[in-house]
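A.B. asks: I have a structure here, written as structure tokens, and I will follow up with some questions on it.
The values are calculated or read from the model by the stated rules, or taken from the named source; none is laboratory data. Not measured: the values here are computed from a predicted model. Neighbour counts run over all protein chains shown; Cβ positions are idealised from the backbone, glycine included. Note: areas computed on protein heavy atoms with side chains; ligands, DNA, RNA excluded. Shrake-Rupley method; radii C 1.70, N 1.55, O 1.52, S 1.80 Å.
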Amino acid sequence: MPISSRVLGSISRGWNWLEEMLTGRYHATYGLAVTRILIGVTGLGLLLTNFNARHYAFGVGSAWNGEIAEPKSDFPNIWLFSLFHRAVTNPPLFTAMIIGLAILAVVIILGWRTRIVLPFYLVLWVSFIELNDGAGDQGD
């Protein structure tokens, strides 16, 4: 058997093993769990680091950017994603919603009832992030 055939066979077996390891049924659940945890940690991290400045970055103190009066995004016009936009002018309600969103992030990290909680977290997260495009889009 020529060396090139052995090398190609080894590469093929290695590739098949790697593919099964990453996407196989048993191991794929680990990947989904890590992704779920990272989504929760990212959300919780953003909420905790901006909690002291929540009113200035996202709330009524950010009225200078015009997002409250005339949102740049279309998300506040969609009733499902306008929950935070409707509560932004009431600081105690806004703070309670941020705390609720942080609790949902912790629940996502822990993995408790993820299939039920994750859609609520997604809707609230998008609603929160779209309050201030400049602060919400961290990479821009």
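A.B. asks: Quickly run through segment 7-63 and pick out the residues that are within 30 Å of P91 (Cβ to Cβ) and open to solvent by 100 Å² or more (accessible area, probe 1.4 Å).
C.D. replies: L48, T49, N52, Y56
A.B. asks: Restricting attention to segment 119-134, which residues are open to solvent by 20 Å² or more (accessible area, probe 1.4 Å) and among the small types (G, A, S)?
C.D. replies: G134
A.B. asks: For segment 105-120, give me each residue that is within 18 Å of L83 (Cβ to Cβ) and among the small types (G, A, S).
C.D. replies: Correct list: A105 only.
A.B. asks: Name the single residue, out of those in segment 64-78 being out of contact with any Phe, Trp or Tyr (no Cβ under 6 Å at 6 or more places or on another chain), more than 18 Å from L93 (Cα to Cα) and in a helix (DSSP H, G or I), that is most open to solvent (accessible area, probe 1.4 Å).
C.D. replies: That would be W64.
A.B. asks: OK, next. Can you tell me which of I109, I116 is modelled with pLDDT of 95 or more, open to solvent by 40 Å² or more (accessible area, probe 1.4 Å), assigned to a helix (DSSP H, G or I) and farther than 23 Å from G61 by Cβ?
C.D. replies: Exactly one of I109, I116 is modelled with pLDDT of 95 or more, open to solvent by 40 Å² or more (accessible area, probe 1.4 Å), assigned to a helix (DSSP H, G or I) and farther than 23 Å from G61 by Cβ, namely I109.
A.B. asks: A further question on this structure: Within segment 105-113, is even one residue within 30 Å of T23 (Cα to Cα) and charged (D, E, K, R)?
C.D. replies: The answer is yes; a qualifying residue exists.
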